[in-house]
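Participant: One structure follows; several queries about it will come next.
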Amino acid sequence: MVLLIGFTIHLSVVLFVFNLFSDIYLKKSINNHIAQTQREVGLGIELMVYDIQMLSLRFLVNSDIYKIIGNDAIANSIKKEQIRDVMKQMIAQNEMVGDVVIVTTKGETYRYQPDNVLIEQPDSLLLHRIAESSKPVVGPIKRDANHNAYVTFGQKFRNFNTGQNLGAIIVYIKESTLLHLYQSSFEGLGYSFLVSDQNVVISHPDQSRIGSTVSQTDVIYPDREAGYRTVKVDNHSYFMITYPLNKKLEIFDVNWRFVSVLSSRQLFIAIDEGNRYALLFAGLTFLFLLILSYYLAKKITNPVTRLKTKLNLLGKTGLKGLSGPPVKGDEISELERSYYRMVERINQLLEENNEEKEKQRKMELTALQSQINPHFLYNTLDAIVWIARLKKQPEIERLISSLATFFRISLHKGDKFIPVEEEIRLVQSFVTVEQMRFPDKFEIEYEIPEALRKIRLLKLILQPLVENAIKHGISEKRGKGHIHVKGELTEEEIIFSVSDDGVGFQHDRETLLQKSQVLFQSGYGLRNVEERIKLEYGPNYGLTIQSEIGKGTTVYLRINKKP
């Protein structure tokens, strides 16, 4: 259920986002397409207007027409034929021109079309507008005998050379040419039409609407400015988009607007179809996710149930109750295999623990038995001391007594830490033996504060330093040497220093530590001391050596106050 709900929510969100963005994207794309199409149609109309004006200009600069009209020796009927021939040469294959009419100031009329082709002629109102206007004029819609519509463009007909006003020239443009420019632009979506600034329909797919005026009460009333709005016609929703033509065309009295009326249902049919496909996809996906959720749930619950059964078995029968390899295939099976390995490891650790307990018991017995040997050694050394005392041999007595003290403190019942005063006694015992070996070779001085004497520290860390001073510093020196053992106590640390005035060496700590092998029967060297200190007190503590040839060596030992 969790998987199914999760998949369903995810699918719903994806579907919603897809629908939202597809709707926004498609609407934006459609609007951009409509705007681009209207711009292209508008550009085509603008070019046509410019072509009409260029055609009119060609008539104005044609001197043959002036000569024919001004030649009173030619009959009027011949003039019409000659001017018609000139017009044919100028118009040639221009299919947008339905007719060209020249009306002179004398009332004479000359046409491009033959007289038997019936087209409404320019009315007096249009001729008056042309006479009064200094720029071209767009006249009313004219029709022929077949009820085909024509858009009239008129202007004064002046002699280009003399400027003499000869009358008016009116060019009839086929409305079908305008219709052809935009009719296929929105085919299947709606229709478009051209309307003047007086809301007179200039071009329309419905021929009966051409020339009529769109009233303000009409639902399809074009806006003055560019934009769109939604209108309803017969309970159907339409988008009405208005695109005013270029303002530059106003110099030709062309103040038209291109209007498109497009069906909302047809316009957004792609969105509706996309939504249907999306719903179908959602249904199929939901069915697939339902099956997938059931399959995944079984894949998860079956191994978990199997593992739970084995865990219950483990609680009842112990670690030996598990048998049989896990089924391979997924993460749960890997968990089961890990569980098997854990149980095997626990069994192994239990066996090793039992073995360790047995070894520990044997070692304890061996340790108890080995305690006899040190006691025998102490008793033997005490006997030698008493014999030396009876034989009046004080040197032998002092030597053996120091040796016994050294062994007793160094062993110290197996303790790792001893008081500082015990460590000093151990050093003193060792020094006594060395002074017996090297009489009058050196003397040693101890400077240990009373507050430091009871503090416990790792045993056998000062004796190797004194041994190193005797062997490597004093023994190679001519004359008597001096050793100074000093202890300092700070808030958190204990610092010992062992100084001698022996031969010294070129300071190379690593070299010194490598050369400091076993210096005495105890088997402890400087490297051993440093490693033990770092092991017990941490890597921040240890030995520091300062030495100078001919002046001596000082070894500093720094440990933590609380081991």
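Participant: Which of the residues that make up the stretch 119-140 are open to solvent by 60 Å² or more (accessible area, probe 1.4 Å) and free of Cβ contacts under 8 Å to residues at least 60 places away in the same chain?
Facilitator: Kept after step one, since they are open to solvent by 60 Å² or more (accessible area, probe 1.4 Å), are these residues of the stretch 119-140: 120-121, 124-125, 128-129, 132, 134-135.
The answer is Glu120, Gln121, Ser124, Leu125, His128, Arg129, Glu132, Ser134.
Participant: Any residue at all in the stretch 260-280 that is among the small types (Gly, Ala, Ser) and assigned to a strand (DSSP E or B)? Steps first, answer last, please.
Facilitator: In the first step, residues of the stretch 260-280 are kept if they are among the small types (Gly, Ala, Ser); the result is 260, 263-264, 270, 274, 278.
Adding the requirement that they be assigned to a strand (DSSP E or B) leaves 260, 263.
Yes, the conditions are met somewhere in the stretch 260-280.
Participant: May I ask you to list the residues in the stretch 434-464 that are surrounded by 18 or more Cβ atoms within 10 Å (Cβ to Cβ) and closer than 22 Å to Ser401 by Cα?
Facilitator: Residues satisfying the conditions are Glu434, Gln435, Phe442, Ile444, Lys459, Leu460, Ile461, Leu462, Gln463, Pro464.
Participant: Next question. From Leu26, Leu11, Leu55, which residue is at pLDDT 85 or above and either surrounded by 11 or more Cβ atoms within 10 Å (Cβ to Cβ) or in contact with a strand residue (DSSP E or B) (Cβ under 9 Å, 6 or more places away or on another chain) (or both)?
Facilitator: Leu55
Participant: What's the number of the condition Leu349 fails, among (1) at pLDDT below 80; (2) assigned to a helix (DSSP H, G or I); (3) open to solvent by 30 Å² or more (accessible area, probe 1.4 Å)?
Facilitator: So Leu349 meets the others, but not (1).
Participant: Looking at the structure I just gave you, is Tyr112 open to solvent by 60 Å² or more (accessible area, probe 1.4 Å) and either aromatic (Phe, Trp, Tyr) or in contact with a Cys (Cβ under 9 Å, 6 or more places away or on another chain) (or both)? Before you say what the answer is, go through the steps one by one.
Facilitator: Working: open to solvent by 60 Å² or more (accessible area, probe 1.4 Å): no; either aromatic (Phe, Trp, Tyr) or in contact with a Cys (Cβ under 9 Å, 6 or more places away or on another chain) (or both): yes.
Criteria not met by Tyr112.
Participant: Of everything in the stretch 47-99, what is touching a residue at least 12 places away in the same chain (Cβ under 8 Å), more than 18 Å from Val117 (Cβ to Cβ) and not in a helix (DSSP H, G or I)? Give them in sequence order.
Facilitator: Within the stretch 47-99, Val61, Asn62 qualify.
Participant: Being modelled with pLDDT under 75 and open to solvent by 70 Å² or more (accessible area, probe 1.4 Å) is the requirement here; does Leu290 meet it? Even if it seems obvious, please write down each step before you answer.
Facilitator: Numbers: modelled with pLDDT under 75: no; open to solvent by 70 Å² or more (accessible area, probe 1.4 Å): yes.
No.
Participant: In the stretch 465-504, what count of residues is obtained for those that are touching a helix residue (DSSP H, G or I) at 6+ places or on another chain (Cβ under 6 Å), outside any strand (DSSP E or B) and either free of Cβ contacts under 8 Å to residues at least 12 places away in the same chain or open to solvent by 60 Å² or more (accessible area, probe 1.4 Å) (or both)?
Facilitator: 0
Participant: A follow-up question, please. Got at least one residue in the stretch 164-175 being open to solvent by 30 Å² or more (accessible area, probe 1.4 Å), within 22 Å of Gln121 (Cβ to Cβ) and part of a loop (DSSP other than H, G, I, E, B)?
Facilitator: No.
Participant: Can I ask one more? Hey, can you tell me all the residues within the stretch 205-229 that are among the polar types (S, T, N, Q), closer than 17 Å to Phe193 by Cα and loosely packed, with under 13 Cβ neighbours inside 10 Å?
Facilitator: Pass one, the stretch 205-229, residues among the polar types (S, T, N, Q): 207-208, 212-213, 215-217.
Applying the additional criterion that residues be closer than 17 Å to Phe193 by Cα yields 207-208, 212-213, 215-216.
The answer is Ser208, Thr213, Ser215, Gln216.
Participant: Checking Lys357 against (1) at pLDDT below 85; (2) surrounded by 11 or more Cβ atoms within 10 Å (Cβ to Cβ), which test does it fail?
Facilitator: The one condition Lys357 does not meet is (2).
The values are calculated or read from the model by the stated rules, or taken from the named source; none is laboratory data. Note that this is a predicted model, so its numbers are computed, not measured. Note: ideal-geometry Cβ built from the backbone for every residue, glycine included; neighbour counts use all protein chains shown. Heads up: the accessible areas ignore ligands, DNA and RNA and are worked out on the full protein's heavy atoms, side chains in. Shrake-Rupley method; radii C 1.70, N 1.55, O 1.52, S 1.80 Å.
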